[in-house]
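Reading through the structure tokens given below for one structure.
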Amino acid sequence: MTLTAPAAPAVPAALLALVLLTCSAGCASPAPPLRLYTLALAPPAGVAGPASATAAGGTWQLAPLRLPAYLDRDALLLPAGAGHLQPLDGHRWAEPLRDALPRLLQEDWRTLRGAARVWAAPLPAGLVIDRQLAVELLALDVTPDRAAVQLRARWTLADPTGATPPQVGQADLRAAASSSDPGQLVAAHRLALWRLAERISAS
């Protein structure tokens, strides 16, 4: 007579799926903590000077800053080969650059030219504007070697009365980072913006 071992009890499919899901969750590596970065409102250390009491060009009105669409993101972008950018995992801007950059540039010009000489809409009643400044930011990128930030911009400084032709300028600026650490690259972004404000103010 042949004896047959009893068959093992079947494991319900739902229970098996739960076991596999629990193992998967327990074995997965924890996600790195999210780090948020802001561009400091104050000018970079060691570069700020007193506002000029005789700033050329009189009182300025600032038009809305124009940005390329790829900068309208919350991720900190790094170069990844020719013409490619990749978001740095776990590192984000604390606020959209479309909001941060215009505010920072306005404050930089107020520092460089005097608070009463730089305004954005809406203007105080009775204020007389001598020049209207429109700035287009073309690029604000970490360099391929991750050693600096490259900024390219162009601008127009126009007489609102039309009595004189508008002044057109452009800049291609590089701000070095002390290392490739994300925090140092953020500091290089801030330095590049300050240098743009200086270049336009000097024009």
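The values are calculated or read from the model by the stated rules, or taken from the named source; none is laboratory data. In this text, all values refer to a predicted model and were calculated from it rather than measured experimentally. Positions of Cβ are backbone-derived with ideal geometry, glycine not excepted, and every protein chain shown enters the neighbour counts. For the accessible areas, the whole protein counts, side chains as well, though only heavy atoms, and no ligand, DNA or RNA atoms are used. Shrake-Rupley method; radii C 1.70, N 1.55, O 1.52, S 1.80 Å.
Cβ separations smaller than 9 Å between residues 6+ apart or across chains give the following pairs from region 157-177 residues that are exposed (fewer than 11 other Cβ atoms within 10 Å of the Cβ) to residues that are part of a loop (DSSP other than H, G, I, E, B): PRO165/ASP159. All of ALA202, ALA192, ALA197 fail the test of being open to solvent by less than 10 Å² (accessible area, probe 1.4 Å), farther than 18 Å from VAL142 by Cβ and small (Gly, Ala, Ser), apart from ALA197. Across region 119-150, the number of residues qualifying as outside any strand (DSSP E or B), open to solvent by 60 Å² or more (accessible area, probe 1.4 Å) and either hydroxyl-bearing (Ser, Thr, Tyr) or touching a strand residue (DSSP E or B) at 6+ places or on another chain (Cβ under 6 Å) (or both) comes to 1.
Taken together, ARG98, ARG110, ARG131, ARG117 contain a single residue that is among the charged types (D, E, K, R) and under 15 Å from the mean Cα position of the chain (by Cα), which is ARG98. Taken over region 137-158, residues that are in contact with a Ser or Thr (Cβ under 9 Å, 6 or more places away or on another chain) and closer than 16 Å to ASP72 by Cα amount to 1. When you check ARG92 against the structure, is it touching an Asp or Glu at 6+ places or on another chain (Cβ under 9 Å), assigned to a strand (DSSP E or B), more than 21 Å from VAL47 (Cα to Cα) and without any contact (Cβ under 8 Å) to a residue 40 or more places away in the chain, yes or no? In short, no.
Would you check which residues across region 72-88 are basic (Lys, Arg) and either more than 19 Å from ARG35 (Cβ to Cβ) or open to solvent by less than 40 Å² (accessible area, probe 1.4 Å) (or both) and list them? Once the filter is applied, which keeps residues that are basic (Lys, Arg) and either more than 19 Å from ARG35 (Cβ to Cβ) or open to solvent by less than 40 Å² (accessible area, probe 1.4 Å) (or both), region 72-88 yields nothing. Of the residues PRO33, PRO50, PRO64, the single one that is modelled with pLDDT of 90 or more and loosely packed, with under 14 Cβ neighbours inside 10 Å is PRO64.
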